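The values are calculated or read from the model by the stated rules, or taken from the named source; none is laboratory data. If you're wondering where the values come from, they're calculated on a predicted model, not measured in any experiment. Virtual Cβ from ideal backbone geometry, glycine too; neighbours counted across all protein chains shown. Note: accessible area is taken over every heavy atom of the protein model, side chains too, but ligands, DNA and RNA are not part of it. Shrake-Rupley method; radii C 1.70, N 1.55, O 1.52, S 1.80 Å.
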Amino acid sequence: MTNQYKQKIAIISDSCGDISQNDMVKYGIFVLPMQIIIEGTSYRDGVEINVEDIYKKMKAGILPKTSTPVLGGMERLMEHLKSQGYTHVLGVMLSASLSGTSNALRMIAEDFSMESCILSSNQASVGEGAIALQAAIWREEGLPFREICKRTKRLTEETACFFSVDTLEYLAKSGRIGKATALLGTALNIKPILSFDETGTIYTAAKARGSKFVEKQLVNLVDLQFAKPEYAGRPYNLLFADGAFKEGRENLMKVVLEKYSQPQNIFTSNIGAALSAHLGDHLLGVGVQFLTMA
């Protein structure tokens, strides 16, 4: 879209942002598919493989691996954007602590004559996707590129998401946590709730003893964000995600919206194939992002 500043701004994310096809079209966002490797064969996330395929493989005892989008795909996308007359590129990618996607795209973008701003979201799933979606809203409002970039970078610091994990099994198998930790968590029926710190590194924000306490812990973590003095009176977006657990997400949305009923936007996601390869199914995610309006 060409705004009042005569800038045609492309917004790029990757498939770990779990942006739905409808929102890609509605908000005009380009998505780079992550690679999913199964028994030596590589598939493009959301193009050649989907989350249902991942669940089937995992239940059959096959553990998929993931990798960054292919460099050739990044180059082709940049060439396409240039050919379509885009003058600026904003990238919002999976946390750099988990993937080299943002660094790779940043280097490739330097070879093209478009001003670029490539950011690590410091998030994944709906946290990453919501940052790209809010940037697209600011673009639609006609903000100049550098202002959008500045606000979006701040958004990577003021978006907080929390994800309940039904089992630690897959994180242990993929080497994200130790096997002893996974066994202990399973034995005690502990459901960890994961988040990202200010560097985009995953940490355990809370633990729930059994599934029935997961929702309560997720809501408590959202409450703690709203209680921070620096966010008092700020406009906000609410974020929700699930991995094959639609009923749980709908219940969680109802509880959160009863407490925080005036979000600017509500962004929802189904946790996709790339992240499910490390987390399994039956996940819940909730988040809040506080907005800078000037």
The stretch 7-109: C-alpha pair distances exceeding 24 Å, %: 26 percent
Accessible-area ranking of LYS56, LYS153, largest first, probe 1.4 Å: LYS56, LYS153
Positive-pole candidate from ALA10, LEU252, ALA104, dipole of the chain, charges at beta carbon: LEU252
Straight-distance crosslink candidates among aspartates and glutamates, where the alpha carbon sits under 13 Å from LYS259 and sequence neighbours closer than 8 are dropped: ASP223
Spherically averaged projected area of the chain from its Cα convex hull (nm²): 14.9 nm²
Only Lys, Arg (+1) and Asp, Glu (-1) charged, at Cβ; the chain dipole about Cα centre in debye: 380 debye
Fully extended contour minus Cα-Cα distance, from ALA227 to LYS259, at 0.36 nm per residue: 10.3 nm
Contact order normalised by residue count of the stretch 1-68, Cα under 8 Å, 6+ apart, percent: 26 percent
Sequence-distant residues sharing a close amide H with ALA206 (under 5 Å, placed H): ILE193
Listed residues THR159, THR41, THR167, most fluctuating in the chain (Gaussian network, C-alpha, under 10 Å): THR41
ALA60 versus MET114: modelled label distance in nm, points set 7 Å from Cα along the beta carbon direction: 3.8 nm
Heavy-atom SASA rank of LEU224, LEU105 (probe 1.4 Å, accessible area, largest first): LEU224, LEU105
Straight-distance crosslink candidates among lysines, where the alpha carbon sits under 29 Å from LYS82 and sequence neighbours closer than 8 are dropped: LYS6, LYS8, LYS26, LYS150, LYS153
Heavy-atom accessible area ranking, 1.4 Å probe, most first, across ARG151, ARG234, ARG209, ARG106: ARG209, ARG106, ARG234, ARG151
Euclidean distance between Cα centres, the stretch 238-294 to the stretch 103-124, Å: 26 Å
